Amino acid sequence: MHVNVFIYSFALLQILCILDINNIIELIKRVEQLEAKLEKQEQIIQNLRNENTYLKDRLTKYETRKNSNNSSISPSKDENRTVRKSLREKTGRKPGGQIGREGNNLKMLDTVDEIKEHYPEYCQCCGNDLSDISKKFHRKRQVIEIPEIRIKIVEHHLCKKVCSCGHTTLGTFPDEANAPVSYGNNISSLIGYLHTRQYIPFKRLEEILKDVFNIPISEGGIHHLLGKLVNKAVPAYDLIKQKLLSKNQGSIGTDETGVKVLGKKHWAWTWQSDKATFITITDNRAGKSIEDSFPDGFKNSVL
């Protein structure tokens, strides 16, 4: 009786041990699965963090858009910029010169500055010397060229003369020689044309004068010469204004557009008749600009 109980107890203990081992193995597998799942979740979280950082960077870009006004990018890369469309109507013709049109090729000039002759020194067939044989004209070609650009230095000497009465009279320097060394009228005119008509900035204008014309001049010197040109132009500027105020103009057209002056917003006003155009710059687009420019209005005219 006791032996049987022992045998049954031992068998039951073995069964319990087997069950415990299976449970432990199952638990170990479960833990490994959870660890793998946790590692996967951590990878997903890291990917979401990276994506969040990327989206924040993109959002910052759109919240503070960079354009040609607040960064160094060119105006052509501005987002939502106005796309200009050609106002030219379609004609159905191919681009370029049309059949039957007269060409505009370079034509030879009757007056030339220099003639260069090119003739052979030896025969290309037998090699004989041709230096003693007279040459005959065959045909010609012309090359249009700019002469070598060299600055011209003109030195002005002030001389004096003593009259028979004993008085000494001095000559006078020309207006352009108003300092020991100064720039001539042609240089001033060139600077005015390149800056005002061709819109070349001061720094590039300084480079052009130095590299192309070999004229050493600073930005301050350019400012000074432009100021002198402005003073010379004032009488002509006032004459244009008086032309608009003359009688029997018929009608006067006017308009304004925004411009930048030293980085600040100004307005360029244009006043025009069929004979004259007057332009002035003001700091406002109100009636004050009209009254300041033409306080007496336009008599006998329609604005």
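From the helices alone, meaning DSSP H stretches of at least four residues, give me the mean residue ellipticity at 222 nm for the chain, per-run term -39500 (n - 2.57), in deg cm²/dmol to the nearest 500.
Numbers: 5 runs with 114 residues, N = 303.
My calculation for the chain gives -13000 deg cm²/dmol from helical runs alone.
Quick one: helix 202-211 against the long Cα principal axis of the chain, what's the angle to the nearest 10°, folded into 0 to 90?
Value to nearest ten degrees: 60.
Write down the accessible area per residue of the chain in Å², having rolled a 1.4 Å probe over the full set of protein chains.
Numbers: 27910 Å² over 303 residues.
That works out to 92 Å² for each residue.
Among 114-127, 41-54, how do they line up by average Cβ neighbours within 10 Å per residue, starting with the highest?
Working: 114-127: 7.9, 41-54: 10.0.
Ranking, from highest mean packing down: 41-54, 114-127.
What is the local net charge at Val234, summed over the other residues whose Cβ is closer than 13 Å to its Cβ (Lys, Arg +1; Asp, Glu -1)? Don't skip to the answer; put the middle values down first.
Working: positive: Lys228, Lys232, Lys241; negative: Asp238.
That works out to +2.
For His157 paired with Arg84, estimate the spin-label separation in nm (one decimal), with each label point 7 Å from Cα along the Cα-to-Cβ line.
Label-label distance for His157 and Arg84, simple model: 5.7 nm.
Could you work out how far helix 2-63 tilts from the main Cα principal axis of the chain, as a 0 to 90 degree angle to the nearest 10?
10
Please work out which option in (i) 1.10; (ii) 0.94; (iii) 2.33 gives Cα Rg over 2.2 N^0.38 Å calculated from these coordinates, and answer with its label.
Recomputing Cα Rg over 2.2 N^0.38 Å here picks out (iii).
Leaving out ligands, DNA and RNA, and with a 1.4 Å probe, what % of the accessible surface on the chain is carbon or sulfur? Walk me through the numbers before you get to the answer.
Details: 15240 of 27910 Å².
C and S fraction of accessible area: 55 percent.
Simple spin-label model, 7 Å along Cα-to-Cβ: Lys288 to Val261 in nm?
In this crude label model, Lys288 to Val261 measures out at 1.2 nm.
Using only Cα atoms, tell me the angle between helix 219-245 and the longest principal axis of the chain; keep it within 0 to 90° and round to the nearest 10.
Rounded to the nearest ten degrees, it is 70.
What does the net charge come to around Leu130 if you take all other residues with beta carbon closer than 15 Å to its beta carbon, with K and R at +1 and D and E at -1?
Details: positive: Lys135, Lys136; negative: Glu117, Glu121, Asp129, Asp132.
Around Leu130, the charge tally is -2.
Compare the Cα positions of Ile73, Val261, Tyr237 along the charge dipole of the chain (+1 at Cβ of Lys, Arg; -1 at Cβ of Asp, Glu; about the Cα centre) and return the one farthest towards the positive end.
Ranked along the dipole, the leading option is Tyr237.
Tally Lys and Arg at +1 and Asp and Glu at -1 over the other residues with C-beta under 12 Å from the C-beta of Ile44: what net charge comes out?
Working: positive: Lys37, Lys40, Arg49; negative: Glu39, Glu42, Glu51.
My count for the surroundings of Ile44 gives 0.
Past the 21 angstrom mark, what percentage of all C-alpha to C-alpha distances in the stretch 146-303 do you count? Working shown, then result.
On the way: 7909 of 12403 pairs.
That tail contains 64 percent of the Cα-Cα pairs.
The values are calculated or read from the model by the stated rules, or taken from the named source; none is laboratory data. Just so it is clear, the model here is predicted, and its values are computed rather than measured. Note that we place each Cβ from the backbone using ideal geometry, even for glycine, and neighbour counts take in every protein chain shown. These area figures cover heavy atoms from the full protein model, side chains too; ligands, DNA and RNA do not enter into them. Shrake-Rupley method; radii C 1.70, N 1.55, O 1.52, S 1.80 Å.
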